[in-house]
Amino acid sequence: MKAQPERTCIACRRKGKKGELVRMTDSPAGVIIDYTEKLPGRGAYICPEKECIEKLLKPGGGGALSRALKRDVAPPVREVFYEELYGKIKRKVSALLGMARKAGLAEYGFDAALGAARKTPGGVMVVSDDLAENSRRRLLEKLNGDVSLIYNFSDKEALGAVIGSAPVGIIYVKPSDLSRSLAREMALLLKVSRG
């Protein structure tokens, strides 16, 4: 297996594998987030940790970004940066859920998701923000309170749309590389939403 290239956070200097840091690049419109890491040009990387992002976004925080991009640039506007990053992560989560369904790794609906979680534990449970409180409580009881891999995401309508179904409140993604990627993105989404 080919080794992943390492990148360095411009704020804290921590090294991380290519997918662990957020890439930014310069464009005619200014600094933009290149979450898919496919845009051309010089890139700068930052940890998706609040401390690093805040260090980059504070007034005068563009120095490290300018050095990395080898051009004088202003740091992104705080609210715009968080909103853009949140949107990109949310799209990635939606894509991962869709891929899980196509790969046969997703079970949805209360009984099917719960049955899959019991049969193949260690996956990721995604519940809609508007799931009825009674259903949420029943789910936790049936899972014996294990909430380590339960994430809230969007509403039933949107959750159903990402897997090509009618509105759905619960999706379980069986243990796999996909579920690990999904857990990483969901954790990141939670961090960014608190920004």
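Residues that are farther than 18 Å from ALA158 by Cβ and touching a residue at least 40 places away in the same chain (Cβ under 8 Å) were ranked within the stretch 92-109; the one that is surrounded by the fewest Cβ atoms within 10 Å (Cβ to Cβ) is ALA103. Looking at the stretch 43-155, the helices (runs of 4 or more DSSP H) lying wholly inside it that each contain 2 or more residues that are closer than 26 Å to SER176 by Cβ and touching a strand residue (DSSP E or B) at 6+ places or on another chain (Cβ under 8 Å) sit at 78-102, 110-119, 133-142.
Does the stretch 117-139 contain any residue that is loosely packed, with under 13 Cβ neighbours inside 10 Å, under 16 Å from ALA166 (Cβ atoms) and charged (D, E, K, R)? Scanning the stretch 117-139 turns up no residue that is loosely packed, with under 13 Cβ neighbours inside 10 Å, under 16 Å from ALA166 (Cβ atoms) and charged (D, E, K, R).
Considering (1) without any contact (Cβ under 8 Å) to a residue 12 or more places away in the chain; (2) more than 20 Å from the chain's Cα centre (by Cα), the lone condition that ARG67 does not fulfil carries the number (1).
Checking GLY169, GLY160 one by one, the residue that is within 18 Å of SER94 (Cβ to Cβ), of a type outside the set (A, V, I, L, M, F, W, C) and touching a Pro at 6+ places or on another chain (Cβ under 6 Å) is GLY160 and no other. Scanning the stretch 42-62 for residues that are farther than 10 Å from MET24 by Cα and modelled with pLDDT of 85 or more yields CYS47, PRO48, GLU49, LYS50, GLU51, CYS52, ILE53, GLU54, LYS55, LEU56, LEU57. Which members of the stretch 158-175 meet the condition of being crowded, with 17+ Cβ neighbours inside 10 Å and either within 12 Å of LEU96 (Cα to Cα) or in contact with a Phe, Trp or Tyr (Cβ under 9 Å, 6 or more places away or on another chain) (or both)? The answer is LEU159, GLY160, VAL162, ILE163, VAL168, GLY169, ILE170, ILE171, TYR172, VAL173. Among the residues of the stretch 112-157, those identified as of a type in the set (A, V, I, L, M, F, W, C) and either under 16 Å from GLY98 (Cα atoms) or under 16 Å from the mean Cα position of the chain (by Cα) (or both) are ALA113, VAL124, MET125, VAL126, VAL127, LEU149, ILE150, PHE153. Within the stretch 1-42, restricting attention to residues that are free of Cβ contacts under 8 Å to residues at least 24 places away in the same chain and assigned to a strand (DSSP E or B), which residue is surrounded by the most Cβ atoms within 10 Å (Cβ to Cβ)? Among those that are free of Cβ contacts under 8 Å to residues at least 24 places away in the same chain and assigned to a strand (DSSP E or B), it is ARG23.
The values are calculated or read from the model by the stated rules, or taken from the named source; none is laboratory data. Model, not experiment: these values are computed from the prediction. Positions of Cβ are backbone-derived with ideal geometry, glycine not excepted, and every protein chain shown enters the neighbour counts.
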